[in-house]
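The values are calculated or read from the model by the stated rules, or taken from the named source; none is laboratory data. In this text, all values refer to a predicted model and were calculated from it rather than measured experimentally. Note: ideal-geometry Cβ built from the backbone for every residue, glycine included; neighbour counts use all protein chains shown. Surface areas here come from the heavy atoms of the whole protein model, side chains and all, with no ligands, DNA or RNA. Shrake-Rupley method; radii C 1.70, N 1.55, O 1.52, S 1.80 Å.
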Amino acid sequence: MKLLVDSGSTKADWIAIDDNGKVLFTTQTLGLNPEVLNKEEIISRLEDKFDISHNKLKASHLYFYGAGCGTDRMKLFLAEVFQGYFKKAYISVHEDTYAAVYATTPKNEKAIVCILGTGSNCSYFDGSVLHQKVQSLGYIAMDDCSGNRFGRHLLRGFYFNQMPGDLAKEFQEEYNVEPDYVKHNLYKEPNPNAYLATFAKFLIKHKDTDFCQKYIHQEMEDFVENYIKQFENYKEVPVHFIGSIAFYLKEELEIVLHKHQIKIGNVLRRPIDGLIAYHILNK
């Protein structure tokens, strides 16, 4: 049994397949970002799902693609945690961009591949090897055009009394915006980036308002300038996207990319289905 995992900071999609690609079960855990979780928290999230805990000794392979796995130190840490839990499995840990590449990019195609979800990322795939020019410093310093960035904008707009009255009223009705509650989630709970990203659905719901359009345009422009334009051939190859932010704001994304003469490629909400096809072909 092979386990394929696509993990962001908010959630992780799990699919178990046999050698022929038949799906044995699917499940979902909370995100397993090693930059914000310790060993005990990761194990707790695995144990919380019966399908995973019940089958941990039946797994022969675990292919994990996750946010926070961009450095060798984080990959090694997570691989050691998984090896201790899935004791009979071959463990492979890659950053989440590889899942995006395998799901969106035809074999041997050159492309720029971006992730716009809870966090953000951008890499160049030369047909066989992934290249990055920006080392992520995490959600506080980077993550342009991500769910957590939009959540930060909305909270600031609300607390600085910049959010229009009708939106502020609805925002207050939809979310608990008591200062103590917000600060507890930001500074005391794990995954503050995922907490911030929960507000992004409000921005998507009201994306046609001038208030939200301002942030959408600003963040997309920043992402193009700070990430995509790092690669000299950004006008020559397709630019693919994975993630809920890209998926639900595709029209806005197309407008910004067209302005910069960038060719948009595939835009997928999540890569897990593409990973199944990839691992069947490469078993």
Which of the residues belonging to region 115-157 are part of a helix (DSSP H, G or I), more than 14 Å from the chain's Cα centre (by Cα) and basic (Lys, Arg)?
Arg152, Arg156
Could you tell me whether Ala277 is more than 27 Å from Gln172 (Cβ to Cβ), surrounded by fewer than 19 Cβ atoms within 10 Å (Cβ to Cβ) and small (Gly, Ala, Ser)?
yes
Exactly one of Phe199, Phe231, Phe223 is aromatic (Phe, Trp, Tyr) and more than 18 Å from Ile262 (Cβ to Cβ), and that residue is Phe199
Does Glu80 satisfy the condition of being among the acidic types (Asp, Glu) and either modelled with pLDDT under 95 or outside any helix (DSSP H, G or I) (or both)?
no
Residue identified as touching a Phe, Trp or Tyr at 6+ places or on another chain (Cβ under 9 Å), closer than 25 Å to Leu137 by Cα and open to solvent by less than 20 Å² (accessible area, probe 1.4 Å) among Phe223, Phe199:
Phe199
Odd one out for Lys169 among (1) farther than 20 Å from Lys263 by Cβ; (2) open to solvent by less than 40 Å² (accessible area, probe 1.4 Å):
(2)
Is it fair to say Leu154 is crowded, with 22+ Cβ neighbours inside 10 Å, in contact (Cβ under 8 Å) with a residue 24 or more places away in the chain and of a type in the set (A, V, I, L, M)?
yes
Output for Cβ contacts, cut-off 9 Å, separation at least six or different chains, first residue under 21 Å from Glu109 (Cβ atoms) and assigned to a strand (DSSP E or B) in region 256-270, second among the aromatic types (Phe, Trp, Tyr) and open to solvent by 60 Å² or more (accessible area, probe 1.4 Å), reads Val267/Phe247; Leu268/Phe247
Pairs please, first residue from region 106-118 and in contact (Cβ under 8 Å) with a residue 12 or more places away in the chain, second anywhere and of a type in the set (Asp, Glu) and exposed (fewer than 15 other Cβ atoms within 10 Å of the Cβ), Cβ atoms under 7 Å, 6+ apart in sequence or on different chains.
Lys110/Asp126
If I go through region 172-196 residue by residue, how many of them are open to solvent by 40 Å² or more (accessible area, probe 1.4 Å) and in contact (Cβ under 8 Å) with a residue 60 or more places away in the chain?
1
Only residues that are touching a residue at least 40 places away in the same chain (Cβ under 8 Å), within 21 Å of Leu203 (Cβ to Cβ) and open to solvent by 60 Å² or more (accessible area, probe 1.4 Å): list them for region 226-255, please.
Asn226, Tyr248
Could you please let me know if Asp18 is among the acidic types (Asp, Glu) and surrounded by fewer than 20 Cβ atoms within 10 Å (Cβ to Cβ)?
yes
Residue list for region 10-53, filter: assigned to a helix (DSSP H, G or I) and not charged (D, E, K, R)
Ile42, Ile43, Ser44, Leu46, Phe50, Ile52, Ser53
Quick one: in region 63-87, of everything that is in contact with a Lys or Arg (Cβ under 8 Å, 6 or more places away or on another chain) and in contact (Cβ under 8 Å) with a residue 60 or more places away in the chain, which residue is most open to solvent (accessible area, probe 1.4 Å)?
Tyr63
Where Ala100 falls short, out of the listed (1) surrounded by fewer than 23 Cβ atoms within 10 Å (Cβ to Cβ); (2) touching a strand residue (DSSP E or B) at 6+ places or on another chain (Cβ under 8 Å)
(1)
